[in-house]
Structure formats: structure tokens, C-alpha cells
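Comments concern the structure below.
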Amino acid sequence: MKSSFRGLFLVFAALPISLFVLPTSGCQQARNFTTYYNRFWNMERIMEEVEDDVGYVREQSAASQPRYVVPLLPVGKEFSSRHLTRRTLDPDEVRRHKIKLDSILLKGSILLTHQNESDYVDDAIFYISKTYFYEREWFQSASQARELIALFPESKWQPDAHLVLAMDLLMLGEIDEAEEMLSRTVDVAFRFERQDILTEAFRLNADVALWRQDPGSAARPYERAILLSDDGEEQAAWQYDLGIVYFRAGEYERAIEAFDRIDEYDPTDVTRFEAGLQKGVALRALERYDEADAQLSLLEEDGDFEDFGAPLAVERSVLAAARSGGDLYDPAVIDRLDSLGATSYLLSAYFEQGVRLLRAGDYPAASTSFSKVQTTDNEFNREARSYTVWIGYYREERAKAEAATRIA
């Protein structure tokens, strides 16, 4: 029985919505029956349950503290985006919620078969598209999002569908088309006044532009948002994101200038702290160690930031290691950082150190850093594993080459 249900909604959901469109007459009044509303309500409820559970588990495994961005340039050539990764479910999360996600697909597919009697067709299509996205079925998700965009231009789900389609295209490696869709997403989000969608589109667009090594294009959407907004707190948040764009591009001087402008608006304590912290990291990346030290001292002396000691302590340790040319493995330092609840920030620092050592050709030391990142679930775990595998392969091939040379 279970497999037959699965086959039913896969068949329905795979068909274009246009095949379900039936002619209606002006006298038709059979709309919004309780049955159809309840089915949609259940789809919405189940989706919220999935998202709430995933969000709760992630929050429990991550520090609810300010952001701390480490100065890294991409090592690989493939497009990657941590914003995009956070929007998806990983394979384990998909398996944990598969029954509920399949239930959404089934309910949505049934709604589509009765679309001449229901006003919830665009809702059903969107939830099907979003569910496929969560199930990592990018092609099916994109197909449903396209249908909604084409057939329901005034649907409230237009901004969401544009964003989901753009993310599907990024996952499928269709970067050019995804970039065009992100541009359309921005326009639609402005029209529907969807600040949340606008934020995600800007961040993804910035990731694409940085991947293309074009920080100017990555910065423009944020500059536009600052000009268009009349909310000081919102403008400060955009200004911080603008600084992060330059920071991630390695343009640390411009990043510092952007962070210094935060106080021109009305930042929250968290935004003000994040900007100050990232300014310190940028100064460290420029090897202006005395200025970086002074910047961290300003943050430590500010009474508004008493609860933000963990990332400050980690950056203090990273700065000390940079000054001395040492590393972060001092057991006393590690114990102190652990006592402050700074584990997630310390993993970021380990990953940064690993990448720097990898670029410098010190593969054994880089492998040690990456192994520490792999001990727990975190945003760098997958990349750390990839680098560890690459280093292991390199060592094996080098050992074979040396053995062959000795034999010869």
C-alpha cells in the first residue's frame, strides 16, 4: 500500500500543472470546500513541523552567538555556498523526515487532481516544489517552481518560487541561469515587499559573484538595499553584509571601511559587535597586529558585549598564534576556550589554519588541523573531510613515486 501511494503522487507531481487545467464556467461556485482547505492546512502544518525540528536540532548543535567569519579564499574551483547549504537538508535530515515529506507530496498531488474545485492549487505546487528541494530532488523541484511562476503570476508564492528555482539551478550546476533567476528574484521580492527573500537572494548572488572573482558585482545589491531602505537597523545589517562581501573577497581595506560605517545607521548590539570583531579579523589578515589587538581591546571594554566573550577569546588566540608564528594547539588555551563555550568558533579557527597550512605545502600539519574540525558536526566538516582525503591521496602517490625511484 505504501509503495502504491508513493507511485501515485510521483506520477501526479511529475506532470505539468497545465495538464490538470480544466475549463471553468462563470457560474461555477464550487470553491474552497473544507476538504481542500484541510488538505492544504495539513501540508502547511507538516512542513512547519519538519522545518521546526530541523531548526531546533541545528540550534542545539550550534552556538547562539554572533557570527565569526574567517579570512579564507576558495581552494577549489567548483561553486560552493554555505548560505545555500544551510537552506537545504543534508541526507541524514532527509532520511529522518522522509515520511512527513512524502506525505506533503501525496496531499499536494491529490489537490492538483481537483484544481477546478479548489483555490489552493498554487499553494500545492509551491509545497511540492519546496518538498522536492528539501529531498534534494533538484530537477523535480525546479520543474514545479517553473510551473507556479508561469501559471500564477499574482500568487503570494512568487518570491518563494523564484528563490527555490534559483537554488535548484545552483545545485544543478546551471550557474548562468541561476544568476539570471536570482536577479529576477530580487525584482519580485521588491515588488512583493519580501525582505526575507531579498536577503537570501542577495547572499546567494554575492556567492556567485565572489566565485566569479567579481566582488564589485557582489557588493552592488547590498549598496542598493542600503539606499532603498529607510530602517536604520536594517541598513546597519546590510552594511555589515557589504563588509563581509569585501572581507570574503580578500579586500580587507575596503571591508574595514564598510565595518567602520556601521554606526552611521542604527545597529543592534549584535550587529555592532559583529562589525567590530570582523574589523579586528581583517586587521589581523593584513598583519596589522597592533591595530588588531587594540580593536579587540575596545570590544572587550564595551559593557554591551559582555555576553560575547567566546568569539573574542578565539580571535585573541588566533592573533597570538599569528604574531608568534605558532599554532592553536596549546592544551591550556584549548581548555580555557572550551570553558567559555567557544567550540564552534575554535573549529572555524582550526579550519582557517588548515587551509593556510595546505596552501603553504605543509600537508601533515594541515591534516592535523582538518582532523580536529572533523570531530564534530559543523559547517566546515565536509570541506575538511575533502581536504583530508586529498592530502591522503597525495601522500600515497608521493610514497609510490619515491618507492619507484628507489627501485630504479
> Out of the residues in the stretch 133-156 that are open to solvent by 30 Å² or more (accessible area, probe 1.4 Å) and of a type in the set (Phe, Trp, Tyr), which is farthest from the chain's Cα centre (by Cα)?
Replying inline: Phe152
>> Within the stretch 102-132, take every residue that is crowded, with 20+ Cβ neighbours inside 10 Å, part of a helix (DSSP H, G or I) and over 30 Å from the mean Cα position of the chain (by Cα) and give me the one that is modelled with the lowest pLDDT.
In response: Leu111
> How many residues, within the stretch 279-312, are surrounded by fewer than 23 Cβ atoms within 10 Å (Cβ to Cβ), among the small types (Gly, Ala, Ser) and under 13 Å from Pro66 (Cβ atoms)?
Replying inline: 2
> Yes or no: Thr35 at pLDDT below 65 and part of a helix (DSSP H, G or I)?
Replying inline: yes
>> Any residue that is over 24 Å from Glu306 (Cβ atoms), touching a residue at least 60 places away in the same chain (Cβ under 8 Å) and open to solvent by 20 Å² or more (accessible area, probe 1.4 Å) - is there at least one of those in the stretch 259-269?
In response: no
>> If I filter the stretch 242-258 down to residues being surrounded by fewer than 20 Cβ atoms within 10 Å (Cβ to Cβ) and not small (Gly, Ala, Ser), which single residue comes out as nearest to Val208 (Cα to Cα)?
In response: Glu251
> If we scan the stretch 182-198, do we find a residue that is closer than 12 Å to Ser81 by Cβ, open to solvent by less than 50 Å² (accessible area, probe 1.4 Å) and not basic (Lys, Arg)?
Replying inline: yes
>> So, Phe308, is that one touching a Pro at 6+ places or on another chain (Cβ under 9 Å) and aromatic (Phe, Trp, Tyr) or not?
In response: yes
> Would the stretch 372-381 turn up any residue that is under 25 Å from Ala255 (Cα atoms), of a type in the set (Phe, Trp, Tyr), open to solvent by less than 70 Å² (accessible area, probe 1.4 Å) and touching a helix residue (DSSP H, G or I) at 6+ places or on another chain (Cβ under 8 Å)?
Replying inline: yes
>> Taking the condition of being acidic (Asp, Glu) and surrounded by 20 or more Cβ atoms within 10 Å (Cβ to Cβ), how many residues in the stretch 313-329 meet it?
In response: 1
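The values are calculated or read from the model by the stated rules, or taken from the named source; none is laboratory data. Everything numeric here is computed off the predicted structure, so don't read it as measured data. No Cβ is skipped: glycine too gets one built from the backbone with ideal geometry, and neighbour counts run over all protein chains shown. Only protein heavy atoms, including side chains, enter the accessible area calculation; ligands, DNA and RNA are left aside. Shrake-Rupley method; radii C 1.70, N 1.55, O 1.52, S 1.80 Å.
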